[in-house]
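The structure appears right after this line, and notes come after that.
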Amino acid sequence: MKLWYDKPAGPHWNCALPLGNGRLGAMVFGNVTSERIQLNEDSVWNGGPRDRINPSAKEKLPEIRSLLNEGKLSAAHMLVGDALAGIPDSMRCYEPLGDLLIEFEHPGVDSSLSGKKLAAAASSIQPRADTSGLDYYKRSLNLEEAVAEVSYGIGGIQYRRTHLVSAVDGVVAIRFEANQPGALSFRLRMERGPRDSYSTRYADTLEHVDGHGQIMKGRTGGEDGVRFAACFRVRLEGGRQELIGDTLVVSEATEAILIFSAATSFREESPTDFVLKQTRKGLERAWDDLVAKHVADHRKYFDRAGLTLHSPKEIEELPIDQRLERLRAGESDPALDALYFHFGRYLLISSSRPGSLPATLQGIWNEDFWPMWGAKYTININTEMNYWPTEPANLAELNQPLFAHLERMLPNGQKTAERMYGCRGFVCHHNTDIWADTTPTDRNLGASYWLMGGAWLSLHLWEHYAYGQDEAFLKRAYPLLRESSLFFLDFLVPNQKGQLIVLPSSSPENVYRLPNGQTGTICAGTTMDSGILDKLFRATRDAANILGVDEDFRIAVEAARQKLPQPSIGKEGRVMEWPEDYEEIEPQHRHVSHLFLLHPGDQITPHGTPELAAAAEKTLNGRGDEGTGWCMAWKACFWARLGRGERAYRLLQNLIRPVDPETIGLKSASSKGGGSYPNLFCAHPPFQIDGNFGGTTAIIEMLLQSHSTETDENDESLPVLHLLPALAPTWSEGSFRGLRARGGIEIDLAWKDSKPTSCVIRSAKSQSVLIRSGSNVKRLDLEANGTHSLPLEQLQ
């Protein structure tokens with residue numbers, strides 16, 4: 001349950017270790033002399049809310065549809081870009097909060113800079129690893145406790161640093177210790193600005209606080225940007241401290257405790273008052289008490305589920321970066337696969353808590369003022385993938401930020417639906433931001449004008465009900481399901497076959513070629529559209545039925561669902577992505593959007609639709625096993641749904657394998673091929689957290705599935721609990737506990753020689769299910785709040 005390393009991160013953010021409480025994030029580098037703690041607060045975004053709806057959209061929609069129906073792709077694309085793009089054509093982006101920069105002085109050790117470095121102004125902002133003369137070194141992240149430690153010996157003195165981000169106290173807390181009195185001296189500064197610019201600072205004021213701390217204040221750029229405040233205070237054991245300019249100088253202490261907090265006007269009327277209060281209260285707390293409450297709070301989530309897979313002990317004891325290099329060489333490490341699963345759960349607990357904002361493209365960890373893709377919410381796969389593990393990994397409450405954000409999106413999406421398209425209901429395109437913007441984000445023809453983002457996100461509400469069976473929650477969720485369905489009842493138009501389609505549409509970020517040679521992204525209906533709408537309409541219909549409301553509406557929804565295009569198989573035996581069997585410009589494109597029907601959808605299953613399942617397999621073979629980070633995670637989920645454990649495992653290994661060392665510090669997305677950075681962050685590249693969460697989901701899909709139904713011997717359709725549906729060949733022995741299945745079910749399972757040896761099922765309600773284990777299918781009648789231990793003969 002630890003990530004550990006025998007060397008510091010140096011200047012590389014992708015080697016630093018992440019901590020977070022949903023709202024505050026910290027990256028710990030662990031450098032010996034020149035340390036950096038990079039900080040985030042989830043509501044630090046550039047600029048305030050805006051109305052970006054294009055006033056030309058509604059007027060030009062009929063013309064756009066006509067151009068597409070006439071096959072005039074170039075004219076259609078140009079008009080779409082002009083008439084549908086938001087004004088201005090960009091959303092807000094997520095920003096870093098700042099850095100704590102700490103220069104340590106070790107007795108008897110010369111840490112002065114060389115003359116060349118002294119002459120370079122940038123030398124003052126670049127952290128240095130400084131590993132010469134160390135007696136030993138270790139840095140680690142304990143996933144069970146959410147505590148990062150750095151320990152080393154130098155000059156015969158032992159030093160230890162302990163870091164955590166407490167949700168209980170709302171602070172970043174750090175303790176620096178030396179095992180000899182008076183051996184701890186350092187200089188501490190707080191900055192906000194890009195690390196590659198020594199002369200650019202994005203803060204307005206920096207003031208002293210009570211002689212032992214500082215407060216930094218400012219406002220993010222753009223009209224109505226949020227006001228922020230960040231504050232630290234320090235308490236010493238022994239030694240002395242002095243504020244000199246913008247530096248806190250600590251001399252000859254034995255221990256120092258640093259408490260940091262931050263806030264913005266997004267939540268707080270006075271961010272300044274808030275952080276002063278939080279840091280004062282945090283500093284008054286006994287360290288052991290602060291740690292104990294933090295660990296207990298974290299473990300109430302983390303301890304709910306577990307996965308055990310074994311590697312040889314000598315491998316499990318290696319540093320993580322060395323274990324990753326073994327994967328590059330083609331070696332297996334099942335225990336590292338399990339650690340990757342737990343790391344994904346850890347990241348979710350740390351970046352999405354009740355009361356926080358949802359996890360962005362980078363969770364809450366971002367060091368760039370102009371991050372790739374704005375580090376915001378991309379909802380044509382990425383944000384959805386962030387939240388795939390919540391239900392099966394037993395972290396259902398961590399959905400709350402997403403649901404709260406959806407509810408904030410609802411009124412904006414209703415305005416967008418009416419003013420852009422003349423429709424009732426709720427719509428959102430392929431991005432949203434802190435202000436719940438629902439307008440197209442930019443002029444990316446392959447992505448921006450796709451209308452299914454709100455619909456896909458709304459399905460997470462239904463999944464939450466499907467797993468938890470909470471009707472009170474369903475009452476809360478139903479308005480969003482209804483409004484999303486209502487939009488498409490108004491927006492859908494019939495094609496020449498009499499089917500209802502989304503027009504205009506796209507298959508996210510992919511390009512097709514017509515027989516006449518024209519290329520396009522905007523089109524008339526896609527397989528993904530129909531798959532999302534089929535699932536949305538079923539969820540809305542079933543929710544209304546369960547709640548006993550809206551009979552006429554659910555009849556209308558079901559009638560529309562029956563007219564949706566059904567998935568088709570093309571001439572090469574693959575699932576068709578577009579309404580016709582168009583040629584793909586990039587056959588190995590990273591998006592495999594049409595297989596939404598396989599995962600996370602449920603229209604394609606090996607036992608229910610074998611022909612489509614075979615076509616999905618051909619589609620995946622055509623796409624290949626490489627790709628960006630999140631892409632390989634999604635492909636692993638696809639292969640798991642097809643019951644192909646060896647292929648799912650191959651994609652999982654491609655996801656976890658280390659990136660090329662030369663690309664660790666690169667910010668560009670131009671380098672091809674995903675994988676993992678040394679800190680196990682997923683490389684799109686660059687870092688995107690969705691790959692971590694998608695990888696966690698893929699591991700669960702390989703171990704347990706509950707999305708399909710089959711008929712029993714009495715021809716009754718029952719939900720299926722599929723045990724070890726796609727077990728990796730190298731996972732021949734192991735166990736899991738606390739994984740959840742739809743229907744209010746929780747399962748513990750152990751296996752040996754790739755066959756289950758014990759299974760305990762807990763059910764929240766009375767129900768009958770089918771247990772599938774290999775080719776063995778048995779009916780099981782579950783009692784409400786009962787625990788059922790399956791006999792071995794029902795498992796093998």
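The values are calculated or read from the model by the stated rules, or taken from the named source; none is laboratory data. None of the values given here were measured: they were computed from a predicted structure. Neighbour counts are summed over all protein chains in view; Cβ atoms, including those assigned to glycine, are modelled from backbone coordinates with ideal geometry. Note: accessible area is taken over every heavy atom of the protein model, side chains too, but ligands, DNA and RNA are not part of it. Shrake-Rupley method; radii C 1.70, N 1.55, O 1.52, S 1.80 Å.
What is the Cα centroid distance between region 445-523 and region 300-350, reported in whole angstrom?
36 Å
Which of the pairs K7/K293; K58/K415; K535/K563; K2/K313; K376/K667 have their Cα atoms more than 18 Å apart in this structure?
K7/K293
Could you state the per residue volume, in Å³, of the convex hull enclosing the Cα atoms of region 695-775?
95 Å³
Give me, ordered by chain and number, the residues 5 or more places off S758 or on other chains with an amide H under 5 Å from its own placed amide H.
A750
Just subtract the alpha-carbon distance of S199 and F473 from 0.36 nm times their residue separation and send over the number in nm, one decimal.
Stretched fully, the S199-F473 segment lengthens by 93.5 nm.
Please list, ordered by chain and number, the residues whose modelled amide H lies under 5 Å from the amide H of T441; skip anything fewer than 5 residues away on the same chain.
Placed amide hydrogens put H430, N431 under 5 Å from T441.
Give, in nm to one decimal, the length gained when the segment between N179 and T308 is fully stretched (0.36 nm per residue of separation minus the Cα-Cα distance).
42.8 nm
Among the trypsin sites (Lys or Arg not before Pro) in region 534-568, which ones are in a DSSP loop with at most 16 other Cβ atoms within 10 Å of the Cβ? Mind listing them?
K563
Just to be sure I follow: if Rg is taken over the C-alpha atoms of region 279-331 and Rh is the Kirkwood radius over the same atoms, what is Rg/Rh?
1.24
Can you find, among F687, T711, F638, the residue farthest towards the positive end of the dipole of region 628-727? Put +1 on the C-beta of Lys and Arg, -1 on that of Asp and Glu.
Comparing the listed Cα positions along the dipole, F687 ranks first.
Could you tell me the distance between the Cα centroids of region 365-401 and region 647-709, to the nearest Å?
14 Å
Say R0 is 30 Å: what FRET efficiency, to the nearest 0.05, do A559 and D715 get from their beta-carbon distance?
0.65
Counting only helical runs of four or more DSSP H residues, what would the 222 nm mean residue ellipticity of the chain come to if each run contributes -39,500 (n - 2.57) and the total is spread over all its residues?
Rounded to the nearest 500, the figure is -9500 deg cm²/dmol.
Go through E269, E558, E103 and list them by solvent-accessible area, largest first, probe radius 1.4 Å.
Largest accessible area first, the list is E269, E103, E558.
For region 203-266 and region 743-796, write down the distance between their C-alpha centroids in whole Å.
54 Å
Whole-Hz Karplus ³J(HN,Hα) for region 460-469, in order, using 6.51 cos²θ - 1.76 cosθ + 1.60 and θ = phi - 60°, x for Gly and Pro?
5, 5, 5, 4, 4, 5, 4, 7, x, 6
Can you give the FRET efficiency to the nearest 0.05 for M1 and Q796, using r as the Cβ-Cβ distance and R₀ = 30 Å?
Result of the calculation: an efficiency of 0.45.
Probe radius 1.4 Å, ligands and nucleic acids ignored: give me the carbon and sulfur share of the accessible area of the chain as a rounded percent.
So the carbon and sulfur contribution to the accessible surface is 47 percent.
For region 614-685, give the magnitude of the charge dipole about the Cα centre (Cβ charges: +1 Lys/Arg, -1 Asp/Glu; no others), in debye to the nearest 20.
Computed charge dipole of region 614-685: roughly 240 debye.
Find the percent of Cα-Cα distances in region 331-477 that exceed 21 Å, and round it to a whole number.
It works out to 47 percent of all Cα pairs.
Tell me, what HN-Hα J-couplings in whole Hz come from the Karplus equation 6.51 cos²θ - 1.76 cosθ + 1.60 at θ = phi - 60° for each residue of region 66-73, using x for Gly and Pro?
With the stated coefficients, region 66-73 comes to 5, 4, 5, 5, 8, x, 8, 5 Hz.
What relative contact order, as a whole-number percentage, does the chain give when Cα pairs under 8 Å and 6 or more residues apart are counted?
Over the chain, the number comes to 12 percent.
Using a 1.4 angstrom probe, figure out how much accessible area the chain has per residue, in square angstrom, rounded to the nearest whole.
So the chain comes to 36 Å² accessible per residue, rounded to a whole number.
Collect residues whose amide H, placed 1.01 Å from N in the peptide plane, falls under 5 Å from the amide H of K376; neighbours closer than 5 in sequence don't count.
Y94, L361
Using θ = phi - 60° and the Karplus curve 6.51 cos²θ - 1.76 cosθ + 1.60, what whole-Hz ³J(HN,Hα) does each residue of region 638-647 get, with Gly and Pro shown as x?
Whole-Hz 3J(HN,Hα) from phi for region 638-647: 4, 5, 5, 4, 7, x, 9, x, 5, 6.
Give the dimensionless ratio obtained when the Cα radius of gyration of region 728-796 is divided by 2.2 N^0.38 Å.
1.10
Can you pull the percent of Cα pairs in the chain with separation above 47 Å?
Roughly 22 percent, rounded to a whole number.
For region 418-571, state the semi-axes of the equivalent ellipsoid (square roots of 5 times the eigenvalues of the alpha-carbon gyration tensor), sorted largest first and rounded to whole angstrom.
Those come to 28, 19, 14 Å.
In whole Å, what three semi-axes, largest first, describe the equivalent ellipsoid of region 447-516 built from its Cα gyration tensor (square root of 5 times each eigenvalue)?
31, 15, 10
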